[in-house]
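A short write-up of the structure that comes next.
Values in this text are rule-based calculations from the coordinates and carry no lab data. All figures in this text were calculated on a predicted structure; none of them were measured in a lab. Cβ sites come from the backbone with ideal geometry, for glycine too, and all protein chains shown count toward neighbours.
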Amino acid sequence: MDWLLNTILQPSTIQSIIIISAVSAIGLQLGKLKLFNVSLGITFVFFIGILVGHLNLDINEDMLHFAQNFGLIIFVYALGLQVGPGFFSSLKKGGLRLNSLAFAVVVIGILLTLIFSHFSNVSLPNMVGLLTGAVTNTPALGAAQQALRQVAPNDTKSISDMALACAVAYPLGVVGVILAIALMRTWFGPKDNSGKIKEKKDSDTYVGEFHVTNPALFGKTIREIMKHTSKRFVISRIWRDGKVTIPTSECVLNQNDHLLIISIKSDVESIKVLFGEQENVDWNKEDIDWNHIDNSQLVSRRIIVTRGKVNGVKLGTLKLRNIYGINITRINRAGIDLLPSPHLSLQIGDRITVVGEAASINNVAKILGDEVKRLKEPNLIAIFIGIAFGLLLGALPFQFPGMNFPIKLGIAGGPIIVGILMGAFGPRFHLTTYTTQSANLMMRQLGLVVYLACLGIDAGGHFFETVLQPEGLLWVGLGFGLTVIPVIIVGVLAMKVLHINYAKSVGMLCGSMANPIALSYVDSTVEGDEPSVAYATVYPVSMFIRIISTQLLLLFFL
């Protein structure tokens, strides 16, 4: 057993990798646990790292530092590639107002950080650490630590304390957004006629068969029918005289037509009233036998948007349904299922479920791109080139008047900017920068897990003695204020002053705080997918601003 103890206890490259891997594996497993339906998820790796760091194991510091930085670089660059295709299109029209509000959340947080630091005598580096924990943004912490190394390269204690502050504020950062949204829900949430909060019935996607028996619909086109209902649904197929067809907006409905409709569960009763009857068939079952009703040449296929020309284009302007006789039933964006609508703007990477004849679907695939087959072997050249250029950009000094030292974007700011630019404009220069969602997620998760594990191990040595001091309680209170105050202020501004509806406003707030757990809470209480769309609209810009702003905050005010 001596060999095992020596391998684990003696500092070496192998020992460092074993400990980082063990911390990552244990943290990921425990991250699946939920308390009051809330889980820390991947961030549990950070806290397991703190526990291991508290044991004061003798670990190779150079190896730990390298793994931490390399993990952060991989994460932010892959994040830039992911958000790049939709980054600039999210700034257009309606997205501009939502992103402006998300920017306000960031600015208010920065102002409160400066104010709290001045009146509480908590150092600015520690306040920035509290800010990154309050907004649950550990990549921003990494960027801030890099900036602090530029200003005070020998102040290793302040760099470690910044991570401690982040860890102290993080748990309430997760819960605080949910509490703030719950409070605003009682103020601004949709209410019924009695003034009570309307509970969400069910917004899960629902597939059902409906029988047209309403005489008011006989001889009417689908376009005419849709004008007279506020419910959103998609008529995927029509069974008429034993034949299955794909309807267009000009298709006329007849008595006894059978319709396959995709909607949300909460709208089923309204759709039933509209068409007349609902068949007692559960089309949501995975073991349903489609062959007994679908004996035509119709097929269902997922097409991925990879063509730059349709990035940001509204679905209705393409007129795919009328030109090619196909039906778009669902759109999956970053793991979120959205019901298609004419006003929904497409983004590169969207996975579109299309139903129709094989030849028609092939034509639609040519328009949307669907070139994922070329990505069976990822273009690693573009990834490594992008990382290299990102690090060069991060090391480039920018001299500002009145400052004694130049500003650098660092290992977090440089790669994310290059990643965004590569994701947005790479195809124009014949660079294949788009990767499948699973490949990009793998890169991001791997980089972030390694970074969090190393960050926790490095910060764990003095964590508990810091938290148990009176100053630790003050940190908890300040961090909670940095979480809740900006969310409530901008939430009230959005809903009370700008009259943006509740669902869209809270989705924007979740995106501005990069808090998917809060989004899950919102989705469980609000009908429709407006919160998810708003979240996806502001998330790219908010994440970018968070990472850059923490660096600038230290470089300008420290």
Set the Förster distance to 35 Å, then compute FRET efficiency between VAL273 and VAL299 from the Cβ-Cβ distance, nearest 0.05.
-> 0.65
Note the full-extension length gain between GLN29 and ASN362 as 0.36 nm times their separation in residues minus their Cα-Cα distance, in nm to one decimal.
-> 115.7 nm
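Given LYS157/LYS408; LYS265/LYS366; LYS34/LYS231, which pairs have Cα atoms separated by over 28 Å? Spell out each step's value before the answer.
Details: LYS157/LYS408 21 Å; LYS265/LYS366 33 Å; LYS34/LYS231 34 Å.
Going by Cα-Cα distance, LYS265/LYS366; LYS34/LYS231 fall outside the 28 Å limit.
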